[in-house]
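Report on the structure given below.
The values are calculated or read from the model by the stated rules, or taken from the named source; none is laboratory data. No experiment lies behind these values; they were computed from the predicted model shown. Please note: Cβ atoms are built from the backbone with ideal geometry, for glycine as well, and neighbour counts cover all protein chains shown.
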Amino acid sequence: GENVEQHPSTLSVQEGDSAVIKCTYSDSASNYFPWYKQELGKGPQLIIDIRSNVGEKKDQRIAVTLNKTAKHFSLHITETQPEDSAVYFCAARTNNNDMRFGAGTRLTVKP
Amino acid sequence: DTGVSQDPRHKITKRGQNVTFRCDPISEHNRLYWYRQTLGQGPEFLTYFQNEAQLEKSRLLSDRFSAERPKGSFSTLEIQRTEQGDSAMYLCASSFIGATSPLHFGNGTRLTVT
């Protein structure tokens with residue numbers, strides 16, 4: 001089955017700097033890659049997703065890139081703000097509907 | 001609020017007791033998923049329904065776990081004879097049909113088994 005690895009496990013940046021989180025996946029049949037943000041006491045919230053026929057997608061300060069050949073994808077947050085502090089999860093999904101998550105990255109944005 | 005709702009938010013139980021959690025998905029969504037999340041880990045897939053049919057179960061779902069979605073709307077997850085290792089956050093999510101349809105999660109039920 002699919003295996004998703006995510007790094008770093010923790011990331012601390014200064015407000016206004018960029019943050020990058022990277023994930024790799026094992027199943028070349030995976031075709032959907034969402035990113036979730038989870039705040040304390042809440043469930044994961046979808047922030048951006050990308051499908052395998054697209055190499056890059058951007059939504060304001062958030063962007064995701066996908067390299068299908070290397071089987072890795074990344075989340076980029078620019079101009080970070082304290083409210084971006086949370087745990088971020090990547091995930092990968094194949095057509096069998098089993099979505100596998102990475103172990104998460106705890107992002108801290110220092111004011 | 002038309003998001004996914006879960007009840008209760010917290011449950012403390014003694015080892016050996018049975019517990020049941022409820023999930024109300026987004027009403028237009030055909031699919032409903034249960035995930036388990038332990039501290040410092042990402043969500044782990046347990047099972048999912050398409051309408052009222054349970055289509056897939058993870059090997060993580062032992063015989064003590066049972067999930068139902070009797071009318072294709074809300075779902076329940078029951079854990080019998082709870083063990084301390086069952087302590088976790090149980091997350092419910094729903095989506096439309098389709099491998100590229102995003103999952104929308106509820107805020108989970110945190111189970112503590114003492």
Problem - Evaluation of residue A:64 against (1) surrounded by 13 or more Cβ atoms within 10 Å (Cβ to Cβ); (2) out of contact with any Gly (no Cβ under 9 Å at 6 or more places or on another chain); (3) closer than 27 Å to residue B:5 by Cα; (4) at pLDDT 95 or above (one fails), failing number - result: (3)
Problem - Only one of B:109, B:114, B:100, B:82 that is among the hydroxyl-bearing types (Ser, Thr, Tyr) and within 10 Å of the chain's Cα centre (by Cα) - result: B:109
Problem - Subset of region B:99-114 [surrounded by fewer than 20 Cβ atoms within 10 Å (Cβ to Cβ) and more than 9 Å from chain A (Cβ to nearest Cβ)] - result: B:112, B:113, B:114
Exercise for the section: Could you check region A:9-54 for strands (runs of 3 or more DSSP E) lying wholly inside it with 1 or more residues that are in contact (Cβ under 8 Å) with a residue 24 or more places away in the chain and more than 14 Å from chain B (Cβ to nearest Cβ)? Expected result: A:10-14, A:19-25
Completion exercise
Of the residues in region B:35-61, those that are more than 12 Å from chain A (Cβ to nearest Cβ) and closer than 30 Å to residue A:106 by Cβ number 1
Problem - Residues of region B:43-84 satisfying the condition of being of a type in the set (Gly, Ala, Ser) and at pLDDT 95 or above - result: B:66, B:67, B:75
Practice task
Scan (1) touching a residue at least 40 places away in the same chain (Cβ under 8 Å); (2) touching a strand residue (DSSP E or B) at 6+ places or on another chain (Cβ under 6 Å); (3) more than 17 Å from residue A:3 (Cβ to Cβ); (4) surrounded by fewer than 21 Cβ atoms within 10 Å (Cβ to Cβ) for the single condition residue A:111 breaks and write down its number.
Solution key: (2)
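Can you name the residue in region A:72-108 that is among the β-branched types (Val, Ile, Thr) and away from chain B (no Cβ under 14 Å) and is also surrounded by the most Cβ atoms within 10 Å (Cβ to Cβ) among such residues?
Among those residues, the one meeting the criterion is A:77.
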